[in-house]
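Peer 1: Please see the structure below; I have some questions.
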Amino acid sequence: MGAAGASESPGHWLRGRRIAAGLTQEELAEQSGVSVRTIADLERGRTRRPYPSSVRALTRALGLPETAGAELVARYRAAGDGAPEPPEPADQPTGAMPAAGAVGAASTAGGTGAEPIGSTARGTQAGVPRQLPTALPHFAGRSGELGLLDAMLDDLGHSASGVVISAIGGTAGVGKTALALHWAHRIAGRFPDGQLYANLRGFDSADRPADPADVLRRFLDALQVHPERIPADIDGLAALYRSLLADRKMLVLLDNAADVAQVRPLLPASPECFVIVTSRRELSALAAREGARLLSLDVLTAAEANELLTARLGRQRASAEPAAVTELATLCARLPLALSVIVARAAAQPHLPLTALATELTEMQGRLDALDVDDPAANVRTVFSLSYRHLPDPTARMFRLLGLHSGPDISAPAAASLAAVPLGTARAALRDLARASMIIENVPGRYTFHDLLRAYAGEQAALREGDRERHDAVRRLLDHYLHTAYGAQLVLYPGRELIDLGMPFASVTPEPFATKAAALAWLEAEYQVLLKIIELAVHEGFDDHAWRLPVVLWIFDIVCGHWHDGAATQRTALEAARRRGDRDGQARALRGLGSLHVMLGSYTEAHACLSQARRMFRQLGDTLGLARADVCTAQVFEFQGKYKEGLAITLEALDLSQAAPDDLNMQLVRASALNSSAYYNAHLGDFGQARADCQQAIDLCRSIGYSPGEAGTWDTLGFVWQRLGNHAEAAACFHRATVLDRETGNRFDLARALSHLGDTHLSTGDPRSARQVWAEALAIFEDLHHLEAGKVRAKLDALHPVTF
């Protein structure tokens, strides 16, 4: 593989050689006798220990020497160190099953240093989505339903209507999700391209049903689609989603659907895909039009309910009081959710006779007989009341206040601020609630509700907490997320302008971050919560929080590719700031919305928003805000190819940056503006000024430790030297940019720098080196599903074949 391939993964090297040879995966499979799936798994790093014979067959088909095959085998072995060595097959090799992985992508504004600029917030490692939540540890009964689901698998690839769909219906708490997850985990191996999961929140009392467009964006992100390729409208999203799944064998679980209209855009068309839908509503229209098989769940049979209770209580305790077990099953209406709650109540008092528990439940039911006894949920309410009554007072209060949280889940530190208690007290209360099955620890350290329990908690909060306490609890919750998010973005993006948040409300303890990695991990873990918190702020009338939190998240949204969500929250911020009459908030929201429109390709809207923002910053006398808005405006012109106009606005930003030359915020703006100025001047032919601007920007970036800006400026300086015909200097600059980009994990800017480096190699009469770096750039762009891939592919196609 040589020195050129020493720093890259064997999969990327193999992919680069294939592209350099001008072969598709299908063509390479035909020439080598290795399956397309195996080639795809090798290139994406899914296979850690490939068959040596497969690797040798591929290198021979690519016309590479035998030594290359041996070295590639060794590299795969080194990369997969610790994985078992696969035995050589007697006949044609096949690909290994993909391993679980995760993918994320982020880009800046093209590596020119235009605002907003920042380091890549998450890596981009190819992988198969494995989104199924953990199955419940205890599952009993449902043998008939499991058999019906198993039978549906036989239709894969043969369904006349395309995708195979199973719609599981039934009342609340009957175990629809438990059945779907249990079966999905059991047959997940049949779907090597992975599993997608979404909670559609069809009946969540604390939130409206999930927007299919939002679900599709999350699915496309899991499928490694770069944000720039994600369409804005629902039809485009659904079409791209169906196209991506057309040749894949995937399992899709759509949980808690509100209705058929919510489900339809989320259905793939491939007959190799299997979709499970759960809903409280009967989805007969899905059966009529899409050919879904309807599976209606009833409560458990008496035998199944007894089996579940026996498994959860322990055989010894259950066999000592079999009549009480049967009575408890009856009192819980044989509803799985109610059964799990009563089991947790019994586990909390292991010496309490089951007959006494049944008597207590009967008495509680008598006091709640005003409820509709024909509704199984009425029995659930009785069970909830019994469990709630036995909670310690601090735990019961925590349960009530959790009903005010908008979901989808909560951490212990946030719960501590919500309840105004120390972190240790909050953790103890959450553990008590989890042991009582009143909440679920869905991932370590994060807790969520069943929607019935969330509704019950909200009812208890309304009954037992006064208006002032509920108001203060929501204020504490909002302050916790706002101040913690602000602290995280200051760690991740030092030098950003400050926002006056004031002191957090009494008993609120924002979470601290010692490293960028910790700050990033918090933002990623809490992102969906933060979107709901913004909505909660609007609903509860906290407009100051409703505009400040989106503004705090602006750079994170830009860098991490949350462009659609970011634009939506900036609109929310703008409306909230207008309601408050806060012109500073309006200006910041308009600037954020304008920059997000740039990333989404909506240049007319971007100009309109940024023009308003600049006017408002000027009226407010906010020089820093105006300078940043100027750099963002220049970026719009850059994306439109209007370099003269972009330069004029950038020069205004540079003039403004002189107002406070020693201020760290202004220094970052100046570094970005200098890089942008250099790039525009180079396009306009003023190479002397471009070189001077680049050197100033590099010196400034180094002085403030701004590595992403320095990398972007080296790339710009390489572009300048390239235009001047000094290819040796250009290559050196591009190389420095690639080194910094690799260190920061910024794969998008790395691919751009590699593309420019390839241009330089071609100009010096070295098409072999050009092909090599372009192949790596193309591999990255294709991994990111970025439109730049087409330009690089065209360069490769224009090259004459070379001999390896």
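Peer 1: Condition check: within 21 Å of Asp759 (Cβ to Cβ) and polar (S, T, N, Q). Does Gln722 satisfy that?
Peer 2: yes
Peer 1: So, in segment 520-552, how many residues would count as being modelled with pLDDT under 95 and farther than 21 Å from Leu418 by Cα?
Peer 2: Matching residues across segment 520-552 total 2.
Peer 1: Residues being open to solvent by 10 Å² or more (accessible area, probe 1.4 Å) and more than 25 Å from Glu228 (Cβ to Cβ): count how many of those fall in segment 528-548.
Peer 2: 12
Peer 1: In addition: So which helices (runs of 4 or more DSSP H) stay within segment 548-637 end to end and still have 2 or more residues that are more than 28 Å from Tyr680 (Cα to Cα)?
Peer 2: Per the criteria, 563-580, 583-599, 603-620.
Peer 1: Specify the residue that is surrounded by the fewest Cβ atoms within 10 Å (Cβ to Cβ); the eligible residues are those in segment 549-571 that are among the β-branched types (Val, Ile, Thr) and in contact (Cβ under 8 Å) with a residue 40 or more places away in the chain. Before you say what the answer is, go through the steps one by one.
Peer 2: In the first step, residues of segment 549-571 are kept if they are among the β-branched types (Val, Ile, Thr); the result is 551-552, 555, 558-559, 569.
Within this subset, residues satisfying the condition of being in contact (Cβ under 8 Å) with a residue 40 or more places away in the chain are 551-552, 555, 558-559.
Values: Val551: 24, Val552: 26, Ile555: 21, Ile558: 28, Val559: 23.
Applying the filter and picking the extreme gives Ile555.
Peer 1: Still on this structure, please answer the following. Of all the helices (runs of 4 or more DSSP H) wholly in segment 393-454, which have at least 3 residues that are open to solvent by 10 Å² or more (accessible area, probe 1.4 Å), within 19 Å of Lys532 (Cα to Cα) and acidic (Asp, Glu)?
Peer 2: Result: empty, no element qualifies.
Peer 1: Of the conditions (1) open to solvent by 30 Å² or more (accessible area, probe 1.4 Å); (2) under 32 Å from the mean Cα position of the chain (by Cα), Lys642 clears all except one; give me its number.
Peer 2: (2)
Peer 1: Select, from Leu610, Leu574, the only residue that is out of contact with any strand residue (DSSP E or B) (no Cβ under 6 Å at 6 or more places or on another chain), free of Cβ contacts under 8 Å to residues at least 40 places away in the same chain and open to solvent by less than 10 Å² (accessible area, probe 1.4 Å).
Peer 2: The match here is Leu610.
Peer 1: Still on this structure: Just to verify a result, which residue in segment 25-72, among those that are of a type in the set (Val, Ile, Thr) and farther than 17 Å from Ala775 by Cβ, is modelled with the lowest pLDDT?
Peer 2: Across segment 25-72, the extreme among qualifying residues is Thr47.
Peer 1: Arg334 versus (1) surrounded by 20 or more Cβ atoms within 10 Å (Cβ to Cβ); (2) assigned to a helix (DSSP H, G or I): which is the lone unmet condition?
Peer 2: The number of the failed condition is (2).
Peer 1: Then there's this: Which one is surrounded by the fewest Cβ atoms within 10 Å (Cβ to Cβ), of the residues in segment 226-266 that are over 21 Å from Ala285 (Cα atoms) and touching a strand residue (DSSP E or B) at 6+ places or on another chain (Cβ under 9 Å)?
Peer 2: Lys249
Peer 1: Among the numbered conditions (1) within 13 Å of His545 (Cα to Cα); (2) open to solvent by 30 Å² or more (accessible area, probe 1.4 Å); (3) within 23 Å of the chain's Cα centre (by Cα), tell me where Gly601 comes up short.
Peer 2: Single failed check for Gly601: (1).
Yes/no matrix, rows are residues, columns are (1) closer than 15 Å to Pro268 by Cβ; (2) among the hydroxyl-bearing types (Ser, Thr, Tyr); (3) loosely packed, with under 15 Cβ neighbours inside 10 Å:
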residue: Ala135; (1), (2), (3): no, no, no
residue: Gly141; (1), (2), (3): no, no, no
residue: Gly173; (1), (2), (3): no, no, no
residue: Gly189; (1), (2), (3): no, no, yes
residue: Gln195; (1), (2), (3): yes, no, no
residue: Arg201; (1), (2), (3): no, no, no
residue: Leu220; (1), (2), (3): yes, no, no
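Peer 1: Taking segment 278-317, which residues are within 19 Å of Val252 (Cα to Cα), in contact with a Ser or Thr (Cβ under 7 Å, 6 or more places away or on another chain) and of a type in the set (S, T, N, Q)?
Peer 2: Thr278
Peer 1: Here is a follow-up. Among the residues of segment 645-665, count how many are open to solvent by 10 Å² or more (accessible area, probe 1.4 Å) and over 21 Å from Phe719 (Cβ atoms).
Peer 2: Residues meeting the conditions: 11.
Peer 1: I would also like to ask the following. Which of the residues that make up segment 510-547 are β-branched (Val, Ile, Thr) and part of a helix (DSSP H, G or I)?
Peer 2: Val529, Ile533, Ile534, Val538
The values are calculated or read from the model by the stated rules, or taken from the named source; none is laboratory data. Here the structure is a predicted model, which means the values were calculated and not measured. Methodologically, a virtual Cβ is constructed for each residue, glycine included, from the backbone with ideal geometry; neighbour enumeration extends over all protein chains shown. Calculation scope for accessible area: heavy atoms of the full protein, side chains included, ligands and nucleic acids excluded. Shrake-Rupley method; radii C 1.70, N 1.55, O 1.52, S 1.80 Å.
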